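The values are calculated or read from the model by the stated rules, or taken from the named source; none is laboratory data. Predicted model, so just to flag it, every value in this text is computed and none were measured. Cβ placement follows ideal geometry from the backbone for every residue including glycine, while neighbour counts extend to all protein chains displayed.
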Amino acid sequence: MVVKVNSDKNIQLNLPGRNSTELMSEVFGSKSTTVRIVEIGPESSDRGPHFHDQFEEVIYVLEGSGFLKTSQGQFSLTTGDTVCIPAGVLHQTFNNVGEIIRLFCIFPISQIKNGTTELESWNDA
């Protein structure tokens, strides 16, 4: 069954350190994918590092710049970049400039909450 979600039905998620809009997930009828737009404000660091137990995450930078800190190194991010974070890799996205970084995030699972482990800081890793 084809699922179409009008923009006025997108879900605004109340998540620390970022504005996150869910465009597609099991809530809308997806059986295998979650899609979000994530905006991280300037100098925001309210969210600690996290990892996804059994699934990867693909991030496309729609606009802005920042960096991605991972357990496998640090990567600069700028408009047009795409990164794939494998399952189990600890990561955290930072905005270190004076404007919003806007990300298009795709997960190959219809509900990511139960498969995501959040840490308070990198010291907890």
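Things to note:
- Some residue of the range 81-95 being in a loop (DSSP other than H, G, I, E, B) and modelled with pLDDT under 95: yes
- Some residue of the range 7-14 being within 16 Å of Thr116 (Cα to Cα) and in contact with a strand residue (DSSP E or B) (Cβ under 7 Å, 6 or more places away or on another chain): yes
- Selection status of Gln72, at negative phi and without any contact (Cβ under 8 Å) to a residue 24 or more places away in the chain: yes
- Residue count for the range 1-24, restricted to those that are surrounded by 14 or more Cβ atoms within 10 Å (Cβ to Cβ), in a loop (DSSP other than H, G, I, E, B) and at negative phi: 2.
- For the range 90-115, the set of residues classified as among the β-branched types (Val, Ile, Thr) and exposed (fewer than 15 other Cβ atoms within 10 Å of the Cβ) consists of Val97 only.
- Residue pairs meeting the criteria (Cβ under 6 Å; at least 6 apart or on separate chains; first modelled with pLDDT under 95, in the range 5-19; second hydrophobic (A, V, I, L, M, F, W, C)): Arg18/Val38; Arg18/Ile40
- Of all the numbered requirements in (1) without any contact (Cβ under 8 Å) to a residue 60 or more places away in the chain; (2) of a type in the set (Gly, Ala, Ser); (3) touching a strand residue (DSSP E or B) at 6+ places or on another chain (Cβ under 8 Å), Gly98 misses one, and that requirement is (3).
- Candidate set: the range 96-123, residues that are within 15 Å of Phe51 (Cα to Cα) and part of a strand (DSSP E or B); chosen: the one modelled with the lowest pLDDT: Glu118
- Any chance Arg36 is surrounded by 18 or more Cβ atoms within 10 Å (Cβ to Cβ), more than 22 Å from Ala125 (Cα to Cα) and not hydrophobic (A, V, I, L, M, F, W, C): yes
- For the range 55-79, the tally of residues that are part of a loop (DSSP other than H, G, I, E, B) and either of a type in the set (Phe, Trp, Tyr) or in contact with a Leu (Cβ under 9 Å, 6 or more places away or on another chain) (or both) stands at 5.
- Checklist (1) free of Cβ contacts under 8 Å to residues at least 40 places away in the same chain; (2) under 19 Å from Gly17 (Cβ atoms) applied to Thr79, failing item: (2)
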